[in-house]
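Before any comments, here is the structure.
Computed from the coordinates by the stated procedures, all read-outs in this text should not be read as laboratory data. Since this is a predicted model, take the numbers as computed values, not measurements. Ideal geometry is used to build each Cβ from the backbone, glycine not excepted, and the neighbour counts take in all protein chains shown.
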Amino acid sequence: MKKKILSMLLATSMVAAALTGCGGGQTPAQAPADTTQTEAPATENKTEKVDADIEQAQAVAEDSGYVYEGTAPITQEAGKSIKILAETSNYTNVDIANAEIVKKVVADSGVAVDWQLVDYNNYQDTVTPMLSTGQADADIILLPDQDTNQVYIKSGLFQPLNQYFGSMPNFTKWLHDNPVMKAELTAEDGNIYYVPGTNVGKDYQPCLMYNVVWLEKAGMKAPETLDDFVALLQYYKDNDMNDNGDKNDEIPMSIMADFLPYMFGPAFGLDLVSGFQADADGNVTYAYADSENYKKYLEFLNGLYKDGLLEVEYTSLDRDKVIERISNDLTGVAYDFSWAMSMMYSNVLPYYDGTADKAFVGAAPLSGDSKGFYVGRVELGNMFAISTNAQDPELCAKFLDYAMSDACQELYQWGIEGESYQVNADGSREFTEKGKDNDWLQQFGINPSFVFPAQQSVASTDVLVADWHAKSNADLRQYVVDPWPFIYSTDAETDTINTYMTDIQTKVDESAAAFITGTRPMTEFDAYIGELDALHLPEVLEIRKQQYARYKKALNG
Amino acid sequence: MARNDKKKSAYVEKKLPLRTLIYRDRYLLIMMVPVIIFFAIFCYFPMTGLIMAFNRYKIGSGLLGVYNSPFVGTKWFSQFFGSVYFYRLVRNTFLLQFWSLIIGFPIPILFAVAVTQIRRKPIQKTVQVTTYLPYFISTVVVCGMINNFLSPSGGIINQMLNKLGIESINFMNLPQWFRPIYVISGSWQSFGFNSIIFVAAIMGISPDLHEAMRVDGANRRQIIWHLILPSIRPTIILLLIMTLGSMMSVGFEKVYLLYNTAVYETADVIQTYVYRQGIGSSPPNYSFATAVGLFNSVINFAIVFVANRISRRVTDTAIW
């Protein structure tokens, strides 16, 4: 009998354990509407429908008669709540849902928020499958990517926002004030689906940085041409720049492979960062297939490699190694995102004293046959959308609208007056002593782009970094050009691009390494161009041309 | 004698009716139920999802979308087979696993034989634990160590080469070095742990047989050759066939962490390509990834099937 009971219990517990993973923790999502069948045809001027919908939009009064007009609260009905799926802060010691700024926005809005926060580092890997399988159980969702191919839109996962424009006065005003982003956000069916946060497009972009102490020792200014730059590297290589008695331990420049296109492409008139580029006449080309300029670019880098000015292990160099070298005063030139300048590189220099004279400081881009430039960033940042399964989409629209209001943006950028910042007699603002402590400020919830459509601000960033860094950024802004714009792809375009682009990118990446290191002779460059053509580059290029024409038409009307 | 017993036993069971057999073994059968349910839910039911390889999975369509999405035939297979890199990917994947098998499979056997010959138990245990440890180091850390050790600027291996008057070698950027680095580091990391099962098999050999060989005057080499190796042969063959079952399944993360664009020629494998093409793209193309996964599984199954048949014919030992 005991044996019988034991075996039954064991079997039951094993079945229960095995089925634990099958538990439906979430209510199955309602089958999404198939919008691909009912799409409106693309209009000649894409934003026409958006403009018309904004024109006709009217605020809707609640049962109590309260009308939301862009300021808090968004509702006067008690007990309302919204579920938001977003990401945690990238600072591991920050509890973003309980940060003061975030709590204030939620409290002022008049609704409760049920946060579903996914780890910042795994957000895309976690949320993409959730969306793909229709299992995201939230009213407002932070997209894991920018949905450039309109996949989520066409899958019917999200509500078109046009129908709620009457409840979104802040958003519609922002669209009116930002016609470029309005055009970029307008989907193929003429609707807008996402409320975006924004990045600073032309400030604090990746740039060239020099060790000012080494420059002074060399008696040179920051080079502006490729020839002067090579001369400087050669000087670094030949001299004991760190005064340790060893002339052989200097590494003239420490550039990660991914940044070489940023650094040298512009000198040859190439935007290798975006890959595709359009000239003033709107002619679209693929920079990596430019038979003249890209060849010159590769020949130049091959020359640096042969002369020992571009290190042999450049393809496996990572940021940790660069920091290690800088902390040991072994290198004189770096290229990275601007924030690294004072926050990661200069501060590890053994002799950094907080001034630009003893730091890694940004400088103008290098010029060659073409005048140098830096490539800016697409301003559209994190995208927030309202799920088609949302219990009260109108309320969600109001919440997103309020979250992107000017009042909230001030909170995101400066925090709370008297706590994180103060207003001076002349009307200018500055962070308080507490606010100048970055850890404290992050825990306070500054720039909560992980959970709200926050807009980055140059002014509030300026006061966070060293003064000389802010000045350097202001100096460099003039060199920043727009990147390839954010353009939605159609289904057919997505299909073609996804089919061919991986092979093209693989060919480009491995050929660049081979030409630079000399394992493939430059005499084979024409063969390389032929190989790209064989990989269907002309078809992809044709699509990019059509997309760019569409973008220009939507932008200019 | 043993064979006769088995025949006799089978003969007796055949005479018992099925109901009697079921009733007799009812507790064992009840305990099998969870196993059957587990395999049905987690192994066999997911196999129905292979239909994704033949359709265009619609993002956001949930579980039903696996079955309802538009049928595209062999589009994803054609796309994969039609890639200019198809041959290179298959070659690289196969060769990495092939060399891992050739180098990595015999080492644990030899190590197990050697370690069981150590007479002093404390030394034997120390050696075993020391060799198990690398297995528990995460792949990310191992790859970091490899990068540091092999760096041409300050890596310990190149420093040693320099002392011997040999110029630094840029190991991580030269395609010809990728396979040796992958195989040797993999063997180093896993040979200790993989030897456990062989050590257990050797320990299971009857001491009487050892004693008998010693009485007959056999030396250590003869004991190894005529007793130990034949005794663990079924274990070796079983593990060999199981290893062959993953000939086309290279560990993605290690290749991904070690490779760079300069060594794609020898390092780019099916898994890394699928990551770039299927999972890393926007939107993720799950159907493409499923198609390539199916292709891999079919090849792996074919290899196991052939290896099993060969093994049965040649050694009279087989999995089924």
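Evaluate the charge dipole of the protein assembly as shown about its Cα centre and quote only its size in Debye, nearest 20, assuming +1 on the Cβ of each Lys and Arg and -1 on the Cβ of each Asp and Glu. Intermediate results must be reported in sequence, preceding the final value.
Working: 68 positive and 95 negative charges, 1447 e Å.
Here the protein assembly as shown has a charge dipole of around 6940 debye.
Length gained on full extension, residue A:318 to residue A:439: 41.0 nm, using 0.36 nm per residue less the C-alpha separation.
What is the order of A:371, A:83, fewest Cβ neighbours within 10 Å to most?
Numbers: A:371 13, A:83 20.
Going from sparsest to densest Cβ surroundings: A:371, A:83.
What FRET efficiency comes out for the pair residue B:203/residue B:22, r = Cβ-Cβ distance, R0 = 35 Å, nearest 0.05?
0.40
Couplings for the range A:507-522, taken from phi via the Karplus curve 6.51 cos²θ - 1.76 cosθ + 1.60 with θ = phi - 60°, read 4, 4, 5, 6, 5, 4, 4, 5, 5, 5, 7, x, 6, 10, x, 5 Hz in order; Gly and Pro are left as x.
Once the Cβ-Cβ distance between residue A:522 and residue A:61 is put in as r, and R0 is 56 Å, what FRET efficiency do you end up with, to the nearest 0.05?
On the way: r = 71 Å, r/R0 = 1.27.
The pair residue A:522/residue A:61 has a calculated efficiency of 0.20.
Each part gets one Cα centre, and for the range A:334-354 versus the range A:71-134 those centres are 33 Å apart.
Residues whose amide H falls under 5 Å from that of residue A:158, counting only those 5 or more places apart or on a different chain, are A:388, with hydrogens built in the peptide plane.
Report Rg/Rh for the protein assembly as shown, rounded to two decimals, where Rg is the Cα radius of gyration and Rh the Kirkwood radius. Numbers along the way, then the final one.
On the way: Rg = 32.4 Å, Rh = 32.0 Å.
Ratio value, two decimals: 1.01.
Taking a straight Cα-Cα cut-off under 12 Å and skipping sequence neighbours fewer than 8 places away in the same chain, the aspartates and glutamates within cross-link reach of residue A:83 are A:114, A:137, A:139, A:392. From most to least packed by mean Cβ count within 10 Å, the peptides A:72-82, A:288-298 give A:288-298, A:72-82. Distances between placed amide hydrogens fall under 5 Å for residue A:82 paired with A:112, A:113, A:114, all partners being 5 or more residues away or on another chain. Taking the Cα centre of the range B:80-315 as origin and charging only Cβ (+1 Lys, Arg; -1 Asp, Glu), how large is the dipole, in debye to the nearest 20? Once rounded to the nearest 20, the dipole reads 500 debye. Model label sites at residue A:370 and residue A:296, defined 7 Å from Cα along the beta-carbon direction, differ in position by 1.0 nm. Applying the Karplus relation 6.51 cos²θ - 1.76 cosθ + 1.60 with θ = phi - 60° to the range B:207-223 yields 3J(HN,Hα) values of x, 4, 5, 4, 4, 4, 5, 5, 4, 6, x, 6, 8, 4, 4, 5, 5 Hz, where x marks Gly and Pro. Less than 5 angstrom separates the built amide H of residue A:374 from those of A:480, A:481, all sequence-distant by 5 or more or on a different chain. Ordered by the count of other Cβ atoms within 10 Å of each Cβ, fewest first, A:396, B:143, A:207 give B:143, A:207, A:396. The modelled label-to-label distance for the pair residue A:495/residue B:124, using points 7 Å beyond Cα in the direction of Cβ, is 6.6 nm. Judged by the ratio a/c of the largest to the smallest principal axis of the C-alpha gyration tensor, the range B:20-73 counts as prolate, that ratio being 1.5 or greater while a/b is larger than b/c. Shown in residue order for the range A:159-167 are the 3J(HN,Hα) couplings computed by the Karplus curve 6.51 cos²θ - 1.76 cosθ + 1.60 at θ = phi - 60°: 7, x, 7, 3, 5, 10, 3, x, 9 Hz (x for Gly and Pro). Under 19 Å of direct C-alpha separation, and excluding same-chain neighbours fewer than eight residues apart, residue A:49 reaches these aspartates and glutamates: A:39, A:177, A:184, A:188, A:189. A dipole drawn for chain B from +1 and -1 charges on Cβ atoms has a positive end, and of B:175, B:126, B:34 the residue lying farthest that way is B:34.
Could you compute Rg(Cα) / (2.2 N^0.38 Å) for chain B, with N its residue count? Present the calculation step by step, with values, prior to reporting the outcome.
Values: Rg = 25.2 Å, N = 320, 2.2 N^0.38 = 19.7 Å.
Against the empirical 2.2 N^0.38 Å value, I get 1.28 for chain B.
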